[in-house]
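Just so it is clear, none of the values below were taken in a lab; they were calculated from the coordinates. These numbers were taken from a predicted model, which means no experiment stands behind them.
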Amino acid sequence: MRLVISVDVEEEGLFSGRYPRQPAGVENVARLRSLAFVRREFGLPLTLMVSHAAAVDPACRDELLYFKDELGAEIGAHLHHWNTPPFDERANPGPPDSLGPDLLRAKLMALVAAIGENLGVRPCSFRMGRFELGDIAPKILPELGIHVDSSLAPLRLVQGGVDHFLVPADPFWLGPEGARTRLLEVPLTTVPVFAFAPALARSLARLLPESWGAGLLSGFRRVLGLGVHPAWFGPRAMRLAALAHLSRGGRVINVFLHSSELLPGGSPDFPDQASVNALIARLRGFLAWLVRAMPVHGLTLSELHAQWTEQGGPGSD
């Protein structure tokens, strides 16, 4: 089993439902040091998906370069399109695709340039903010040297947002087969308790009034979902998710969290240091169990892309 641990490195203030153009602080990025044990205790690399606000902050630069140079972390790109320049007249833009290809391309270029100028890295991996990967970005990202994406969250549906409810949990290729440039998609590892349940829920939702159907799918993950993400699931659900994924032929586990969840009060779910300590302990406990339970090979997203291509992952050219 190949294991990716990906962290969105970003500004604070992202769990209020408001996404202002002026970013909040990035105090939380210093708390990444609490994840150094992932490499030191388990030998597993991190993939750090860096937003524009974090990329341009001098204090963040030192933290990120420490993880890159001392702990072998990969620096990827994480687009928060609402506060990444350039801007148009809209104070609160909708989903990324609503920007159109020209403005979205300009924002992606600005993000990649900021990471290059401030961190000396040309990112090869990407995650869209709020998991809102639509149809436009996958066509642009390869132009910028990005060849692996991790924006899709199976079983997650936000009313009015992009619908990725039925995407598979294991990596797959985005784009037509035979295309010269395609993205490897590495979804977050979220699986159903029963393999047949998502398709059944989707069919049932179509028979219900629209608001009821959307509510059914939005709540599915909390009732019939399992995942390996310590901010979303408890220890038992994390272990069951890994075992279920393995039993169904899964070959990659992608663990995910936000850097802002490491700062007390940075997320409503982690209001104090005790809750943050519990989050870190949950991740440590899961990794300790995982390396005992099954053979695990830790990779960054770009390393996984290289292996998937060289070793003939499904759909490799």
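Label segment 142-267 by shape, choosing from rounded, prolate and oblate, from the square roots a ≥ b ≥ c of the eigenvalues of the Cα gyration tensor; if a/c is under 1.5 it is rounded, and otherwise prolate applies when a/b is larger than b/c, oblate when it is not.
In terms of gyration-tensor shape, rounded.
Taking only C-alpha pairs under 8 Å that are 6+ residues apart, what is the relative contact order of segment 2-125 in percent?
Computed value for segment 2-125: 27 percent relative contact order.
Contact order normalised by length for the chain, with contacts defined as Cα pairs under 8 Å and 6 or more residues apart; what percent is it?
The normalised contact order for the chain reaches 22 percent.
On the first, second and third principal axes, largest extent first, how far apart are the outermost C-alpha atoms of segment 20-175 in Å?
41, 36, 29
Report, as a whole number in µm² per second, the diffusion coefficient that Stokes-Einstein gives for segment 96-206 at 37 °C and 0.692 mPa s using the Kirkwood radius over alpha carbon pairs.
Approximately 214 µm²/s, per Stokes-Einstein.
Working from the alpha-carbon coordinates of the chain, get Rg over Rh, Rh being the Kirkwood radius.
A ratio of 0.94.
Binning every alpha carbon pair distance of segment 191-262 at 5 Å from zero, what are the percents per bin?
Result, from short to long distances: 3, 16, 22, 19, 17, 13, 9, 2, 0 percent.
Calculated from DSSP H runs of 4 or more alone, at -39500 (n - 2.57) each and per residue, what is the 222 nm mean residue ellipticity of the chain, nearest 500?
That calculation yields -11500 deg cm²/dmol at 222 nm.
Express in whole angstrom the spacing between the alpha-carbon centres of segment 252-314 and segment 30-53.
That distance is 9 Å.
HN-Hα J couplings of segment 29-45 from phi, Karplus 6.51/-1.76/1.60, θ = phi - 60°, integer Hz, Gly and Pro as x?
After applying 6.51 cos²θ - 1.76 cosθ + 1.60, I find 5, 5, 6, 4, 4, 5, 9, 4, 4, 4, 7, 6, 8, 10, x, 9, x Hz.
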